[in-house]
Amino acid sequence: MKRYKPVQRYPRTDLSEIVTTHLQADWRRPIAAHSIAAFDTIRDRIEASTQPLIIDSCCGTGDSTRHLAGAFPDSLVLGVDKSAHRLARHRMGEQGDYLMLRADVNDFWRLAVDAGWRPARHYLLYPNPYPKASQIRKRWYASPAFPALLGLGGILTVRANWKLYVEEFVHALGVAGFTATMQKLAAESPITGFERKYLERGNELFEMVCDLEIVSDGLGKLR
Ligand SMILES: C[S@@+](CC[C@H](N)C(=O)[O-])C[C@H]1O[C@@H](n2cnc3c(N)ncnc32)[C@H](O)[C@@H]1O
């Protein structure tokens, strides 16, 4: 009989330790050749731009990318997702300037940091939650990719329908020396496919915002 591990109900007591380990270590996983090739297809376009850059990581079908381009018409918005299937379902908009890229953000974030990119804003909307306690290292704030996410800087916005995910994200940012604010998201017009689904189901939604340009305390000072 298949045994299901339960969803994590309380913050992990070893989260600070996990985050500290990632902040103090160099992540040695090689960057895939296909990630470098993908990055190179948009690099010139991004670096030639004088507009503020907005990154929409794990954008799925890119509804939020299109929305952000309309909401920030003076910015260049880049939606990134690893799923060709989801990106193929994107509906192009006419408003604003935006690009879509198929890439694994585990590599993309490191390439962007190494290239010196500094997005003004960075969105991570409804990332895969990996809700079992045993899956914590797959969540972005407890993964080896976290330092690169922080290294990009900008105003980071994270949304999820799982309160614990957002609470742990705030905690992990605190370990790194950043102060984040968290709030319940008022029901409004959805800007992503998953947000629409959750609102239709009547789920509570949570949003966290953190200015990664302001280090208050902690390991962020090591950067
Ligand atoms: C739950 S969906 C949310 C999609 C979209 N943000 C939304 O709200 O509709 C999570 C997305 O993260 C993407 N994703 C997961 N891991 C990724 C990675 N390592 N690099 C890029 N995208 C990733 C998946 O392909 C998927 O589209």
Can you find, within segment 86-109, the residue that is farthest from the ligand (Cβ to nearest atom) among those that are part of a loop (DSSP other than H, G, I, E, B) and among the aliphatic types (A, V, I, L, M)? 92
Condition test on residue 49, is it among the polar types (S, T, N, Q) and crowded, with 20+ Cβ neighbours inside 10 Å? no
Has segment 74-94 got at least one residue that is in contact (Cβ under 8 Å) with a residue 40 or more places away in the chain and over 15 Å from the mean Cα position of the chain (by Cα)? yes
Hey, can you tell me all the residues within segment 40-66 that are closer than 17 Å to residue 92 by Cβ and either touching an Asp or Glu at 6+ places or on another chain (Cβ under 7 Å) or assigned to a helix (DSSP H, G or I) (or both)? 42, 45, 59, 60, 63, 64, 65, 66
Output yes when any residue across segment 68-85 is within 14 Å of the ligand (Cβ to nearest atom), among the β-branched types (Val, Ile, Thr) and at pLDDT 95 or above, and no when none is. yes
Residue satisfying condition, being in a loop (DSSP other than H, G, I, E, B), among the small types (Gly, Ala, Ser) and farther than 19 Å from residue 77 by Cα, within set 134, 189: 189
Consider residue 168 against the criteria (1) away from the ligand (no atom under 16 Å from the Cβ); (2) not in a helix (DSSP H, G or I): it satisfies all of them except one. Which criterion is unmet? (2)
Condition (residue is more than 9 Å from the ligand (Cβ to nearest atom), more than 24 Å from residue 209 (Cβ to Cβ) and touching a strand residue (DSSP E or B) at 6+ places or on another chain (Cβ under 9 Å)) applied to segment 119-134: is it met by at least one residue? yes
Quick test for you: out of 37, 112, 69, pick the one residue that is aliphatic (A, V, I, L, M), part of a helix (DSSP H, G or I) and over 30 Å from residue 163 (Cβ atoms). 37
Tell me which of these residue 199 doesn't satisfy, since it passes every other one: (1) farther than 30 Å from residue 93 by Cα; (2) in a helix (DSSP H, G or I); (3) within 16 Å of the ligand (Cβ to nearest atom). (1)
Which residue is farthest from residue 126 (Cα to Cα), if the candidates are limited to segment 172-187 and must be in contact with a Phe, Trp or Tyr (Cβ under 8 Å, 6 or more places away or on another chain) and surrounded by fewer than 21 Cβ atoms within 10 Å (Cβ to Cβ)? 180
Just checking, how many residues over segment 188-215 are exposed (fewer than 13 other Cβ atoms within 10 Å of the Cβ) and among the small types (Gly, Ala, Ser)? 2
Can you find a residue that is assigned to a helix (DSSP H, G or I), surrounded by fewer than 17 Cβ atoms within 10 Å (Cβ to Cβ) and over 15 Å from the mean Cα position of the chain (by Cα) anywhere in segment 157-164? yes
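The values are calculated or read from the model by the stated rules, or taken from the named source; none is laboratory data. All values reported here derive from a predicted model rather than from experimental measurement. Reconstructed Cβ throughout: ideal geometry from the backbone, glycine too, with neighbour counts over all protein chains shown.
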